[in-house]
Amino acid sequence: MNSIEMAKKLFDSEIEELIKVRNKIDDNIEKIVELILNSKGKVVITGIGKSGLIGKKIAATLASTGTHAIFMNSAEGLHGDLGMICEEDVVIAISNSGNSEEVLSLIPSIKRIGATLVAMTGNKKSPLGREAKYILNIGIEKEGCPLNLAPMSSATSTLVMGDALASILIEKRKFKPENFAIYHPGGTLGRRLLMKVRDVMHTGDNLPLVNDISSVDEVILRMTKKRLGAVCVMNSENKMVGIITEGDLRRALSKKEEFFKMKAENIMTKNFTYADEGIMAIEALDLMENRENQISVLPVMKNGELVGIVRVHDLLNVVGR
């Protein structure tokens, strides 16, 4: 076989084993979900070796989707990290064989502490399986490894079982994208759902302002200096009465004889679109793009007063596309 065929064979093998594991899911998973939902403590995932690496990912998925969860390396648990566990916790111990020495050595202390032990194992009759209150059966018949030695299919089944548990908890907790964003403020989704216009707008001395009676020369100089692609036009009472964009200047240039005699009030757009400082950045972007004539600059208001200006580029940098 060539490399492509070998890769596809591995996929087929692991998919086949996943289907077998899927068919072993029973009411234990319902009991474990209820146990976690009713727990006043946290979920502690523990394991060693490859199982530990998968366990760390499962704990991270649970933690980022509304379940208070941590990972404890089983070997470290034997040397003091068991102090992480308290009576109200649910401990999910991962061992495909159910015979991992480091995991088994934790059981007496876990029971003495009073935490509830759940096993994620492929051997229900193993020492781990016998000691656990509930079992998630991750048992596979053969590994994807050509030697049937390296934990491939078993690691995949463990990971998917953890994802299944997390997905059920997401549904049960009615976890929303907004909640997810709180735990991911640095990610694209987090920025989309958390960032407001006030967080990205240009303010203070960076605002390109002119008076309604300012000359075209002043308008051009101010627009060039501030480099935001527009100027906000203010009246004698310091209220915004219009906006002049680069497009407005180009259109005014069609009247060549009059152009340099014009004032800001002759060029500005009076019925301008603006955003409230409290709206989400993604909403402001929609306001600028989902219209017959798209705009690239948006004044930002608070209680009828100009407080900032935001460009489409500023918003795209925050929320992406």
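Just so it is clear, none of the values below were taken in a lab; they were calculated from the coordinates. Predicted, not measured: the structure shown is a model, and the values here were computed from it. As a convention, Cβ positions derive from the backbone with ideal geometry for all residues, glycine included, and neighbour counts pool all protein chains shown.
Considering only alpha-carbon pairs that sit under 8 angstrom and 6 or more positions apart, the relative contact order computed for the chain is 14 percent.
Add -39500 (n - 2.57) for each DSSP H run of 4 or more in the chain, then divide by its residues: what number comes out at 222 nm, to the nearest 500 deg cm²/dmol?
On the way: 16 runs with 151 residues, N = 321.
Rounded to the nearest 500, it is -13500 deg cm²/dmol.
Computed from phi, the 3J(HN,Hα) profile of the stretch 250-261 under the Karplus parametrisation 6.51, -1.76, 1.60 (θ = phi - 60°) reads 5, 5, 5, 5, 5, 9, 4, 5, 9, 3, 7, 9 Hz, with x in place of Gly and Pro. On a straight-distance basis, which aspartates and glutamates could pair with residue 172 in a cross-link, Cα separation under 17 angstrom, same-chain partners fewer than 8 positions away excluded? Partners found: 27, 30, 34, 163.
Backbone amide hydrogens, once placed in the peptide plane, bring residue 97 within less than 5 Å of 122, excluding anything fewer than 5 places away on its chain. Shown here is the pair-distance distribution of the chain: with all Cα-Cα distances grouped in 10 Å bins from zero up to the longest one, the shares run 6, 20, 19, 13, 11, 12, 11, 7, 2, 0 percent.
Taking amide hydrogens as placed 1.01 Å from N in the peptide plane, the amide H of residue 211 sits under 5 Å from those of 234, each at least 5 positions away in sequence or on another chain. Sorting 107, 279, 92 by the number of Cβ atoms found within 10 Å of their own Cβ, with the fewest placed first, yields 279, 107, 92. Computed 3J(HN,Hα) for the stretch 122-136, one whole-Hz value per residue from the Karplus formula 6.51 cos²θ - 1.76 cosθ + 1.60 where θ = phi - 60°, is x, 9, 4, 8, 6, x, 5, x, 6, 7, 7, 6, 9, 10, 9, glycine and proline marked x.
For each of 95, 157, 254, count neighbouring Cβ atoms within 10 Å of the residue's Cβ, then give the residues from fewest to most.
Details: 95 30, 157 27, 254 8.
Listed from fewest to most nearby Cβ atoms, that is 254, 157, 95.
Here the Karplus relation 6.51 cos²θ - 1.76 cosθ + 1.60, evaluated at θ = phi - 60°, turns the backbone of the stretch 65-70 into coupling constants of 10, x, 10, 5, 9, 9 Hz, with x for every Gly and Pro. Across the cross-link table entries 226/256; 40/111; 56/196; 31/111, which are compared at the Cα atoms, the separations over 22 Å belong to 226/256; 56/196.
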